[in-house]
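*Asks:* This is the structure I want to talk about, given as structure tokens.
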Amino acid sequence: MYCIILFIRFIFVLSLHINNIEMKISSFLNRIFFNFFDRLHPSKAQWTPEKPILIISMLLLGILQMVSTSYGQALSKSGDPLMKMYRAAAPKINDLIHTKLDVRFDYKNRYLYGKEWITLRPHLYQTDSLRLDAKGMDLNNISIIKNGKNTRLKFKYDDSLTVAIQLDKIYQKDETYTIFIDYTSKPNGLKLKGSAAINDAKGLYFINPDSTEKDKPVQIWTQGETESSSAWFPTIDKPDQKTTDEISMTVPVKYVTLSNGRLASQRLNGNGTRTDTWKMELPHAPYLFMMAVGDFKIYHDHWHNREVNYYLEPKYAPYAKEIFGMTPEQIEFFSKTLGIDYPWNKYSQIVVRDYVSGSMENTTATLHGSQVQETHRELMDAYYDFGRQSIAHELFHQWFGGYVTCESWSNLTVNESFADFGETLWAEHKYGKDEGDAHNYAALQKYLNTPDANAKDLVRFYYDDREDMFDNVSYEKGGRILNMLRNYLGDAAFFKGLNIYLKTNAFKTGEAQQVRLAEEEASGLDLNWFFKQWYYGAGHPVLNISYKWNDAAKKETVYLQQTQTGQIFKLPIAIDIYTGGKKERHKVWVNDRADTLTFDIATKPELVNVDGDKVLLCTKTDNKTLDEYVFQYFNAPLYLDRLEAITAAAAHPSDKGAKKVLVAALKDKYYGLRIKAIGALNMNDDDIHNAALPVLTSLAQTDDNTLVRAAAITVLGKLNAPGSLPIFIQSLGSQSYAIQGAALAAVNQLDPARALSLAKGLENDNEGPLTQAIFAVYATSGGDGQWPFVLKEFNAQRNVILNVIRSFAAMTGRVEKPEYAQQGITVLKALGIRVKRFGLAPVMIGFLTTIKSERIKLNDNASAIAIDDAIKQINDAK
């Protein structure tokens with residue numbers, strides 16, 4: 001009987017391991033089971049009358065445990081957050097050593113024909129088998145290479161995702177072996193989902209391969225992260241593997257190629273093709289492999305004696321230095337900051353079409369989407385925009401992600417949080433502390449405004465899909481956590497810790513605990529408390545801060561309450577107290593849900609500034625008075641100090657002190673706060689109008705920032721003051737699209753007919769804000785001659801706002817040609833069907849009904865019939 005029970009128990013445990021679900025119910029039942037089991041064990045007392053009852057109870061518990069396990073599996077599949085699977089690091093049975101690829105492309109069928117030689121060895125234990133990731137391929141031949149001869153091996157490839165290979169013998173840990181694979185990659189047949197950060201997962205992309213799309217280049221490029229490299233070559237596609245590589249690409253002679261490492265050779269084949277061989281002689285992870293093929297112009301730059309190259313479409317080649325020219329300076333800055341020179345032999349950046357993400361940090365060869373590819377005129381308005389941030393982000397990955405790679409996706413923070421933090425470092429260095437702080441604040445708000453982000457740990461061993469890790473927790477929250485750690489330790493200790501982490505794990509993998517150990521070694525401080533709450537815990541502090549002054553006792557009391565659910569955070573905080581024109585800093589610790597801090601001060605302070613360094617990752621209700629915020633703007637030095645004061649002033653527009661802040665902020669040293677102040681002005685208030693108008697007039701003409709000038713012009717335009725018209729006309733001569741767009745919109749406020757005439761002269765060279773302004777002018781005042789422009793730009797917009805739809809619908813109603821009207825009706829019908837799921841179908845039907853009335857007035861019955869059909873299709877759409 002004991003053996004039978006033991007066997008049943010084995011089945012239960014096996015069931016749990018197969019399902020890979022940790023469940024509290026099962027754990028509870030296990031404890032009961034083992035209690036009974038212990039009492040039944042043969043080594044215990046002899047048979048008693050209670051034992052049959054115990055046996056029956058155990059059998060019933062076993063059945064209950066099976067049911068609970070099955071229920072847990074169902075919940076996991078349904079997405080229940082409590083039932084996510086534990087994600088361990090990938091077991092290392094075999095280690096990649098070297099990967100050699102020889103590939104050519106079938107543009108017509110969107111195939112890659114590949115030959116591969118993979119050299120491996122057992123990680124530790126002997127093995128006679130090998131499992132490779134290989135997604136959606138035809139595997140024509142898998143052989144072992146011995147003494148220059150190929151011997152075919154048996155393999156199973158049942159799921160078209162992984163291939164199980166039976167080796168020719170048992171290999172020991174010190175034995176290497178080489179596998180040859182002849183295969184065909186068919187990426188367009190794959191149906192694998194991506195993530196919010198990487199929206200597709202087929203690995204290999206053919207862009208306009210048949211040249212059927214006008215003005216779009218023919219390109220091929222790859223995207224390996226997370227585990228999509230195995231869609232174009234078989235490999236162990238896990239981040240804890242590292243391999244050197246050699247990739248030979250046979251391509252049409254007219255195209256340029258790029259891959260990891262150095263271009264070792266180029267061979268003309270005599271049939272209109274060329275074979276380029278790239279060699280990567282330092283180990284890196286398979287997901288960082290890359291290829292790109294297409295018509296690119298190469299700009300050659302350098303850092304010290306290493307190649308730094310920029311690959312762009314011919315149209316953008318003249319702007320290569322403007323787009324990427326800061327790269328050598330960035331390499332120098334990051335190398336010095338980290339104490340480790342850029343670790344690779346070259347650094348290239350390439351811009352491709354239709355990219356499935358923002359950018360990708362492939363080792364030595366970053367691939368960017370088109371957001372970084374801009375002309376001189378667009379770059380005038382770029383400043384530290386998403387494209388410039390991406391350039392810094394991907395470069396910092398060459399250390400954090402390439403040189404040291406996350407050992408599993410659960411520890412993605414050691415890749416992405418650092419790269420996000422790298423954006424801040426570069427912003428501070430290149431553009432000043434205000435830019436760095438503004439970037440920090442924007443990233444913080446992105447995390448705080450993301451639903452459910454506060455429920456996720458930074459290091460996550462439980463998730464539904466590895467793609468889930470690419471979120472605002474791994475990026476924005478993680479970057480802010482690093483910035484807090486930097487502030488707590490100080491730059492010297494913090495960057496010394498990063499140096500230790502990188503050197504200790506060079507060309508290997510890392511995880512958050514290794515970052516902790518390195519920072520502890522550098523600083524001599526225990527950091528378990530920090531990592532426990534920020535890396536292995538979820539959420540953030542929600543602070544309520546209030547103040548009380550006791551004049552008799554000459555004491556200032558600060559009350560700090562953490563009102564969030566979940567864990568209570570331990571927070572080192574700087575509190576700055578301003579009294580009599582002097583600032584005194586107090587460094588304190590907040591440890592409890594409610595903390596009371598008392599300070600002895602001779603006179604009532606003008607300001608108590610909690611979190612004086614403005615680094616806390618938190619939301620807060622800071623119960624300062626408006627007078628204190630006014631003082632804060634003029635006396636506290638940081639970006640966020642001034643932003644908080646401007647925000648408070650904007651909420652009290654009639655207050656004298658608030659007006660003083662808003663007018664003063666028009667001349668703030670940071671352009672973002674000047675724009676914030678411009679947008680907060682109530683120009684209907686006489687005091688504000690009289691004080692701000694001369695400043696706005698000056699800003700519109702002379703500010704050194706194009707976005708500030710555009711913002712000032714926009715406010716002046718809304719005043720409908722004819723005296724400002726010369727400023728607007730003059731501003732139309734600017735090279736900045738932002739300034740031109742604001743100026744045209746301002747002219748349109750005063751004189752629509754003149755704006756229509758001016759817009760026609762601007763149509764040949766327009767982008768961004770200017771395009772939007774021309775669209776608005778044409779849609780409100782234009783006719784059939786302007787319809788093609790309006791239709792083209794409306795179709796090009798990804799996220800169409802309601803006012804734009806309204807003006808487009810109005811123009812659709814008034815154009816003379818019925819075919820133009822019907823083009824607009826078709827577009828609005830498609831939009832109506834698309835937005836129906838958001839409850840916006842009635843709005844679209846309303847627009848179409850109004851258009852119908854206008855078309856009937858023009859005796860355009862065909863368009864009226866088309867509208868009836870469009871409304872029916874919207875109503876019928878599911």
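The values are calculated or read from the model by the stated rules, or taken from the named source; none is laboratory data. This is a predicted model, so every value here is computed, not measured. Reconstructed Cβ throughout: ideal geometry from the backbone, glycine too, with neighbour counts over all protein chains shown. To get the accessible areas, we keep the full protein, side chains included, count just its heavy atoms, and leave off ligands, DNA and RNA. Shrake-Rupley method; radii C 1.70, N 1.55, O 1.52, S 1.80 Å.
*Asks:* Sorted by accessible area (1.4 Å probe), largest first, how do Asp655, Asp876 line up? Intermediate results must be reported in sequence, preceding the final value.
*Replies:* Details: Asp655 50, Asp876 85 Å².
Heavy-atom accessible area, descending, gives Asp876, Asp655.
*Asks:* Over the heavy atoms of Lys446, what accessible area does a 1.4 Å probe trace out, to the nearest 10 Å²?
*Replies:* 110 Å²
*Asks:* Go through segment 467-513 and name the chymotrypsin sites (Phe, Trp or Tyr not before Pro) that are in a DSSP coil and have 15 or fewer other Cβ atoms within 10 Å of their Cβ.
*Replies:* Working: sites: Phe470, Tyr475, Tyr488, Phe494, Phe495, Tyr501, Phe507; in loops: Phe470, Phe507.
The qualifying sites are Phe507.
*Asks:* Please compute the Cα-Cα pair-distance distribution of segment 672-754 with 10 Å bins starting at 0, giving whole percents from short to long.
*Replies:* 20, 56, 23, 1
*Asks:* Over segment 758-878, what portion of Cα pair distances is larger than 26 Å, expressed as a whole percent?
*Replies:* Numbers: 1310 of 7260 pairs.
Within segment 758-878, distances greater than 26 Å cover 18 percent of Cα pairs.
*Asks:* What ranking, highest mean first, results for peptides 219-228, 293-302 when packing means the other Cβ atoms within 10 Å averaged over each residue? Show your work: numbers first, answer last.
*Replies:* On the way: 219-228: 24.5, 293-302: 17.2.
Per-residue Cβ counts within 10 Å, averaged per peptide and sorted highest first, yield 219-228, 293-302.
*Asks:* If ligands, DNA and RNA are left out, what is the accessible area of Trp529 with a 1.4 Å probe, given in Å² to the nearest 10?
*Replies:* It works out to around 40 Å².
*Asks:* Leaving out ligands, DNA and RNA, and with a 1.4 Å probe, what % of the accessible surface on the chain is carbon or sulfur? It would help to have the intermediate numbers written out before the result.
*Replies:* Numbers: 20590 of 38880 Å².
Of all accessible area on the chain, carbon and sulfur atoms account for 53 percent.
*Asks:* Turning to a different aspect of this structure: Pop a pseudo-label 7 angstrom from the Cα along the beta-carbon direction at both Lys817 and Leu161 and give the gap in nm to one decimal.
*Replies:* 5.2 nm
*Asks:* Which semi-axes, in whole Å and largest first, does the equivalent ellipsoid of segment 483-632 have when worked out from the alpha carbon gyration tensor as the square roots of 5 times its eigenvalues? Display every interim value, and only then the final one.
*Replies:* Values: eigenvalues 243, 60, 30 Å².
The answer is 35, 17, 12 Å, longest axis first.
*Asks:* Hey, what's the Kirkwood Rh for the chain if you take every pair of different alpha carbons, in angstrom? Don't jump to the answer; show the numbers that get you there.
*Replies:* Details: mean 1/r = 0.0314 Å⁻¹.
Evaluated over the chain, this radius sits at 31.8 Å.
*Asks:* Per residue, how big is the convex hull of segment 131-246 when only Cα atoms are used? Give it in Å³.
*Replies:* Numbers: hull volume 17.5 nm³, N = 116.
Convex hull of Cα atoms, per residue: 151 Å³.
*Asks:* Please report the equivalent ellipsoid semi-axes of segment 621-685, computed as sqrt(5 x eigenvalue) of the Cα gyration tensor, largest first, in whole Å.
*Replies:* Details: eigenvalues 50, 44, 17 Å².
So the three semi-axes of segment 621-685 are 16, 15, 9 Å.
*Asks:* When the expected Rg is taken as 2.2 N^0.38 Å, what fraction or multiple of it is the alpha-carbon Rg of segment 350-394? Display every interim value, and only then the final one.
*Replies:* Numbers: Rg = 10.5 Å, N = 45, 2.2 N^0.38 = 9.3 Å.
It is 1.12.
*Asks:* Count neighbours as other Cβ atoms within 10 Å of each site's Cβ, and list the GluC sites (Glu not before Pro) in segment 791-876 that are DSSP loop with at most 11 such neighbours. Walk me through the numbers on the way to the answer.
*Replies:* Working: sites: Glu793, Glu816, Glu819, Glu854; in loops: Glu816.
Here the GluC sites (Glu not before Pro) that fit, given the DSSP loop and packing criteria, are Glu816.
*Asks:* Would you work out which of Ile500, Pro572, Thr243 lies farthest towards the positive end of the dipole of the chain, given +1 charges on the beta-carbon of Lys and Arg and -1 on that of Asp and Glu, about the Cα centre?
*Replies:* Thr243
*Asks:* At 1.4 Å probe size, with no ligands or nucleic acids counted, give the accessible surface of Leu693 in Å², nearest ten.
*Replies:* 50 Å²
*Asks:* Another question, then. Using each residue's phi in segment 751-766, evaluate 6.51 cos²θ - 1.76 cosθ + 1.60 at θ = phi - 60° and report the 3J(HN,Hα) Karplus result to the nearest Hz, with x for Gly and Pro.
*Replies:* Here the 3J(HN,Hα) series is 8, x, 5, 5, 4, 4, 5, 5, 4, 4, x, 9, 5, 6, 9, 9 Hz.
*Asks:* Also, I was wondering about something else. Using a Förster distance of 45 angstrom, determine the FRET efficiency expected from the C-beta separation of Glu428 and Asn147, and round it to 0.05. It would help to have the intermediate numbers written out before the result.
*Replies:* Values: r = 59 Å, r/R0 = 1.31.
FRET efficiency, Glu428 to Asn147: 0.15.
*Asks:* Rank these by accessible area, largest first, 1.4 Å probe: Lys624, Lys669. Before the final figure, lay out the partial values.
*Replies:* On the way: Lys624 25, Lys669 150 Å².
The ordering from most to least exposed comes out as Lys669, Lys624.
*Asks:* Got a sec to turn the phi values of segment 806-814 into Karplus ³J(HN,Hα) couplings, 6.51 cos²θ - 1.76 cosθ + 1.60 with θ = phi - 60°, whole Hz, x for Gly and Pro?
*Replies:* These are the phi-based 3J(HN,Hα) values: 4, 5, 5, 5, 4, 5, 4, x, 10 Hz.
*Asks:* Within a Cβ distance under 12 Å of Ala809, other residues only, what is the Lys/Arg minus Asp/Glu net charge?
*Replies:* Values: positive: Arg806, Arg814, Lys829, Lys852, Arg855; negative: Glu854.
Summing Lys/Arg as +1 and Asp/Glu as -1 gives +4.
*Asks:* I would also like to ask the following. Could you tell me what a quarter of the Cα convex hull surface of segment 601-709 works out to, in nm² with one decimal place?
*Replies:* On the way: hull surface 31.2 nm².
So the Cα hull casts an average projection of 7.8 nm².
*Asks:* Compute the length gained on full extension between Arg262 and Asp704: take 0.36 nm times their separation in residues and subtract their Cα-Cα distance, giving the result in nm to one decimal. Provide the component values of the computation, followed by the final result.
*Replies:* Working: separation 442, 0.36 × 442 = 159.12 nm, distance 4.20 nm.
Working it through step by step, the gained length comes to 154.9 nm.
*Asks:* Output needed: percent of Cα pairs per 5 Å distance bin for segment 375-465, bins running from 0 to the one holding the longest distance.
*Replies:* 3, 13, 18, 20, 19, 15, 7, 4, 1, 0
*Asks:* In Å², what does the accessible area per residue of the chain work out to with a 1.4 Å probe?
*Replies:* Working: 38880 Å² over 878 residues.
Using a 1.4 Å probe on heavy atoms only, each residue of the chain averages 44 Å².
*Asks:* Moving on to the next point. Please list, ordered by chain and number, the residues whose modelled amide H lies under 5 Å from the amide H of Asn766; skip anything fewer than 5 residues away on the same chain.
*Replies:* Result for Asn766 returns nothing.
*Asks:* To continue, here is another question. In nm, give the distance between the simple-model label positions of Asn720 and Lys169, each being 7 Å from the Cα along the Cα-to-Cβ direction.
*Replies:* Label-label distance for Asn720 and Lys169, simple model: 9.2 nm.
*Asks:* Moving on to the next point. From zero outward in steps of 10 Å, how is the percent of C-alpha pairs of segment 144-185 spread across the bins?
*Replies:* 22, 52, 24, 2
*Asks:* All other residues with a Cβ under 14 Å from the Cβ of Tyr441 taken together, and with Lys, Arg as +1 and Asp, Glu as -1, what is their net charge? Intermediate results must be reported in sequence, preceding the final value.
*Replies:* On the way: positive: Lys433, Lys446, Lys477, Arg480, Lys614, Lys620, Arg642, Lys676; negative: Asp420, Glu423, Glu428, Asp434, Glu435, Asp437, Glu476, Asp611, Asp613, Asp641, Glu644.
Here the count lands on -3.
*Asks:* What do you reckon, how do Thr565, Thr375 stack up by accessible area (1.4 Å probe), largest on top?
*Replies:* Thr565, Thr375
*Asks:* Size of the dipole of segment 730-878 about the Cα centre, Lys and Arg at +1 and Asp and Glu at -1 on the beta carbon, nothing else charged, in debye to 20? Could you put the intermediate results ahead of the total?
*Replies:* Working: 16 positive and 13 negative charges, 111 e Å.
In total the dipole reaches around 540 debye.
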